[in-house]
Amino acid sequence: MHLDLDSTNLELLPGLAVLLPASRTLVVADVHLGKSAAFRARGLAVPEGDTRRDLERLRVLAGSTASRRLVLAGDLFHSPAGLTPEIEDAIAAWLDGLGDLGIPVTLVLGNHDRKLRHLPGGLATADALDCDGIAVVHDPADAEPGTPTLAGHLHPVARIADGRRTSLRLPCFHLRDQLLTLPAFGSFTGGRIVEPRLGDRLFVAPGDRVLEVPADLWR
């Protein structure tokens, strides 16, 4: 689905990402790599698999959209305990693979990323970015009023009526004024139900395309 943010055209992708067509920049938020490893370090027997699966999803998405750049809008990592040597090796191989495809990667640092004492080599970082005239930050609270902005951090979820007393909960893109908050990309992340205001717009991807949620179905 195409969406204009100020005067810039965006494409909302069913892979829970945004593509800036002018520069072929792919933007995702809140991958939270190593979250299952962090849980296991605390004694909870969570199976591994989310890190490699999510890295592969990102690689495939970047390739299928002919992206020329990948921007991560914060919280690529979950915690220091989750950055195991095995996960570092997987990330290094992933970065090398994208480099071979000519796709540089930049991480806009999120609150979880800042907890790490070191980040894997080869990963460029920034506090914020300007991409095609759109600011990319992690926390929506850091968005400048009136500036078209992409953010993450909140893991927005739309609650959608599917009956009189029942509802669906789906990750969503949440547009408020000039601020678009992206859904969490990571497969092992929670979400926060959006409480939309008049004028907000919510978009979900229940299948292979992005759909706008009519306001009369908000719950």
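Could you let me know the centre-to-centre spacing of segment 156-210 and segment 48-85, using Cα atoms, in angstrom?
Distance between centres, Cα-based: 21 Å.
Identify the trypsin sites (Lys or Arg not before Pro) of segment 95-180 meeting these criteria: DSSP loop state and at most 13 other C-beta atoms within 10 Å of the C-beta.
Passing both the DSSP loop test and the Cβ count: Arg117, Arg164, Arg165.
Around Thr166, with a cut-off of 15 angstrom between Cβ atoms, what is the net charge of the other residues, counting Lys and Arg +1 and Asp and Glu -1?
+4
In a GNM of the chain with a 10 Å cut-off on Cα contacts, which of Ala29, Ala62, Ala141 has the highest mean-square fluctuation?
Ala141
With both partners inside the chain, how many of the DSSP beta bridges are antiparallel, as a percent to the nearest 5?
Of those bridges, close to 60 percent are antiparallel.
Helix 85-100 sits at what angle to the longest principal axis of the chain, using alpha carbons and giving 0 to 90 degrees rounded to 10?
70 degrees
Considering only DSSP beta bridges where both residues belong to segment 137-219, give the percentage that are antiparallel (nearest 5).
DSSP beta bridges in segment 137-219 are roughly 75 percent antiparallel.
For the chain, modelled as a Gaussian network with Cα springs under 10 Å, which listed residue fluctuates most, Asp50, Asp89, Asp75?
Highest fluctuation among the options: Asp89.
Could you tally the net charge around His155, taking each other residue with its Cβ under 11 Å from the Cβ of His155, Lys/Arg +1 and Asp/Glu -1?
-1
Output the 0 to 90 degree angle, nearest 10, between the alpha-carbon long axis of helix 50-64 and the longest principal axis computed from the alpha carbons of the chain.
70 degrees
Can you match Rg/Rh (Cα atoms, Kirkwood Rh) to one of these, [x] 1.12; [y] 0.96; [z] 0.94, based on a calculation from the structure here?
[y]
Given springs between every Cα pair under 10 Å in a Gaussian network model of the chain, which of Leu170, Leu58, Leu109 has the largest fluctuation?
Result for the chain, Cα springs under 10 Å: Leu170 fluctuates most.
Apply the Karplus parameterisation 6.51 cos²θ - 1.76 cosθ + 1.60, with θ equal to phi minus 60°, to every residue of segment 22-32 and state each ³J(HN,Hα) to the nearest whole Hz, in sequence, with x for glycine and proline.
Listing the rounded values in order: 4, 10, 6, 9, 9, 10, 10, 9, 6, 7, 6 Hz.
To the nearest µm²/s, what D does Stokes-Einstein give for segment 113-161 at 10 °C and 1.306 mPa s, using the Kirkwood radius over alpha carbon pairs as Rh?
Using the Kirkwood radius from Cα pairs, D works out to 121 µm²/s.
For segment 210-219, take each phi angle, set θ = phi - 60°, evaluate the Karplus expression 6.51 cos²θ - 1.76 cosθ + 1.60, and give the result in whole Hz per residue in order, putting x for glycine and proline.
With the stated coefficients, segment 210-219 comes to 8, 10, 7, 8, x, 4, 6, 9, 5, 9 Hz.
So what is the 222 nm mean residue ellipticity for the chain from helices alone, if each DSSP H run of at least 4 adds -39500 (n - 2.57) and you divide by all residues, rounding to the nearest 500 deg cm²/dmol?
-5500 deg cm²/dmol
All of the numbers you see were taken from the coordinates with simple rules; none came from a lab. Source: prediction; values computed, not measured. We place every Cβ from the backbone using ideal geometry, glycine too, and count neighbours over all the protein chains shown.
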